[in-house]
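Asker: So that we are looking at the same thing, I have put the structure below in structure tokens.
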Amino acid sequence: MNSFKPKYALITGASSGIGLAMAKSLASKGLDLLLVARRLDRLEQLKSDLLKEFPKLKIDIIDSDINDNTLAQRIEKVSGGKIDILINNAGLALGKETIEKSSFSDWEQMISTNVVANFKMVHLVVPWMLQNGGGDIINLCSVAGIHTYPGGAVYCATKHAVHAFTKVLREETCGRNLRVMQISPGMVNTEFSTSRFKGDKNQADKVYEGMTPLMAEDISRMMQFMLDQPRHVVIDEIITMPTDQGSPTTVFRNSK
Ligand code: 8X3
């Protein structure tokens with residue numbers, strides 16, 4: 001077990017926010033990377049930035065929506081099944097309307113991305129990891145996977161699903177040198193809110209008004225800490241919020 005040394009990490013949602021911060025963190029630790037995201041220009045830019053700083057690394061990129069049916073085949077082709085670490089990060093919230101007012105298309109997109117695509121990624125890499133002698137998986141959950149709040153029914157439901165799935169995976173694979181972990185952040189200032197409010201930057205900015213949110217680098221630092229533990233240690237879950245946030249519905253704002 002202890003001779004296992006991860007070399008190659010797959011990150012979904014790698015072109016911005018937490019995924020991008022994690023790409024930088026893992027590259028600085030000497031890991032080769034397979035970066036998946038929709039925006040090819042951003043992926044190419046990130047690859048070129050990383051290679052400038054870490055010229056010896058192998059950085060592969062795949063431009064794909066996480067829901068694309070051909071993604072698994074593309075990952076298999078590029079990686080040859082040699083994935084040691086999965087940062088299962090792609091996910092989104094859409095809208096903050098009540099159940100009666102929210103739209104089916106938002107529901108479907110959240111369920112498909114946060115649940116189905118996230119689970120499929122695990123289903124893809126776990127057999128490879130077991131065959132290769134081990135692996136590390138960090139699923140991006142949320143405080144919305146533990147708490148609930150009005151306007152977040154489907155987002156919260158998807159993250160509760162991730163929480164349950166991760167726990168079962170951990171139980172099922174226990175003893176096989178697979179470290180199954182999750183991180184559950186509260187408010188992180190990334191493109192999350194801009195995407196939730198469909199490009200309405202004003203509404204997105206209001207989410208973080210008068211308080212100090214977490215940044216993507218805060219989350220990547222914690223994930224790196226999880227990965228850096230000795231092989232016999234699993235940090236099952238990190239739940240993290242800004243000091244100014246007490247729960248999804250309690251936020252201290254100094255301007256109010
Ligand atoms: C993001 C945290 O509180 O907006 O996952 O749901 S919250």
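Asker: Does TYR149 count as within 12 Å of the ligand (Cβ to nearest atom) and surrounded by fewer than 19 Cβ atoms within 10 Å (Cβ to Cβ)?
Answerer: Here the answer is yes, as TYR149 does meet what is asked.
Asker: Which of (1) within 13 Å of the chain's Cα centre (by Cα); (2) closer than 21 Å to MET215 by Cα; (3) of a type in the set (Val, Ile, Thr) is the odd one out, the single condition ILE137 does not satisfy?
Answerer: (2)
Asker: Can you tell me which residue within segment 19-48, out of those that are in a helix (DSSP H, G or I), of a type in the set (Gly, Ala, Ser) and over 17 Å from the mean Cα position of the chain (by Cα), is surrounded by the fewest Cβ atoms within 10 Å (Cβ to Cβ)?
Answerer: Here the residue is SER48.
Asker: Also: Here is a list: LYS77, LYS58, LYS82, LYS52. Which entry is touching an Asp or Glu at 6+ places or on another chain (Cβ under 6 Å), open to solvent by 60 Å² or more (accessible area, probe 1.4 Å) and more than 16 Å from the ligand (Cβ to nearest atom)?
Answerer: LYS58 is the lone residue from the list that is touching an Asp or Glu at 6+ places or on another chain (Cβ under 6 Å), open to solvent by 60 Å² or more (accessible area, probe 1.4 Å) and more than 16 Å from the ligand (Cβ to nearest atom).
Asker: Does LEU178 satisfy the condition of being within 11 Å of the ligand (Cβ to nearest atom), open to solvent by less than 50 Å² (accessible area, probe 1.4 Å) and under 23 Å from ALA72 (Cα atoms)?
Answerer: Considered against the rule, which asks whether it is within 11 Å of the ligand (Cβ to nearest atom), open to solvent by less than 50 Å² (accessible area, probe 1.4 Å) and under 23 Å from ALA72 (Cα atoms), LEU178 comes out as no.
Asker: Name the one entry in GLU191, GLU237 that is among the charged types (D, E, K, R), in contact with a helix residue (DSSP H, G or I) (Cβ under 7 Å, 6 or more places away or on another chain) and either open to solvent by 70 Å² or more (accessible area, probe 1.4 Å) or at pLDDT 95 or above (or both).
Answerer: Matching residue, one of GLU191, GLU237: GLU191.
Asker: Taking segment 203-241, which residues are within 16 Å of the ligand (Cβ to nearest atom), within 27 Å of ARG170 (Cβ to Cβ) and in contact with a strand residue (DSSP E or B) (Cβ under 8 Å, 6 or more places away or on another chain)?
Answerer: Once the filter is applied, which keeps residues that are within 16 Å of the ligand (Cβ to nearest atom), within 27 Å of ARG170 (Cβ to Cβ) and in contact with a strand residue (DSSP E or B) (Cβ under 8 Å, 6 or more places away or on another chain), segment 203-241 yields LEU214, ALA216, ASP218, ILE219, MET222, MET223, GLU237, ILE238, ILE239, THR240, MET241.
Asker: In segment 85-109, what residues are open to solvent by 10 Å² or more (accessible area, probe 1.4 Å), among the aliphatic types (A, V, I, L, M) and closer than 30 Å to PRO6 by Cα?
Answerer: ALA90, LEU92
Asker: Here is a further query. Going through segment 152-162 one residue at a time, which ones are touching a residue at least 24 places away in the same chain (Cβ under 8 Å), closer than 17 Å to PHE104 by Cα and within 11 Å of the ligand (Cβ to nearest atom)?
Answerer: If the condition is that a residue be touching a residue at least 24 places away in the same chain (Cβ under 8 Å), closer than 17 Å to PHE104 by Cα and within 11 Å of the ligand (Cβ to nearest atom), then GLY152, TYR155, THR158 are the ones that fit.
Asker: Tell me whether segment 110-127 contains one or more residues that are aromatic (Phe, Trp, Tyr) and open to solvent by 70 Å² or more (accessible area, probe 1.4 Å).
Answerer: No, segment 110-127 contains no residue that is aromatic (Phe, Trp, Tyr) and open to solvent by 70 Å² or more (accessible area, probe 1.4 Å).
Asker: Before we move on, is VAL126 in a helix (DSSP H, G or I), more than 16 Å from the chain's Cα centre (by Cα) and more than 22 Å from VAL180 (Cα to Cα)?
Answerer: No.
Asker: For segment 133-144, enumerate the residues that are near the ligand (Cβ under 8 Å from one of its atoms) and either part of a helix (DSSP H, G or I) or over 17 Å from VAL116 (Cα atoms) (or both).
Answerer: Once the filter is applied, which keeps residues that are near the ligand (Cβ under 8 Å from one of its atoms) and either part of a helix (DSSP H, G or I) or over 17 Å from VAL116 (Cα atoms) (or both), segment 133-144 yields VAL143, ALA144.
Asker: So GLU172 fits all but one of (1) within 16 Å of LEU94 (Cα to Cα); (2) in a helix (DSSP H, G or I); (3) modelled with pLDDT of 95 or more; what number is the exception?
Answerer: Answer for GLU172: the failing condition is (1).
Asker: Restricting attention to segment 181-198, which residues are within 16 Å of the ligand (Cβ to nearest atom) and part of a strand (DSSP E or B)?
Answerer: Listed by number, the residues that qualify are GLN182, ILE183, SER184, PRO185, VAL188.
The values are calculated or read from the model by the stated rules, or taken from the named source; none is laboratory data. These figures come from a predicted structure and were not determined experimentally. Methodologically, a virtual Cβ is constructed for each residue, glycine included, from the backbone with ideal geometry; neighbour enumeration extends over all protein chains shown. Protein only, heavy atoms only, side chains kept; ligands, DNA and RNA dropped before computing areas. Shrake-Rupley method; radii C 1.70, N 1.55, O 1.52, S 1.80 Å.
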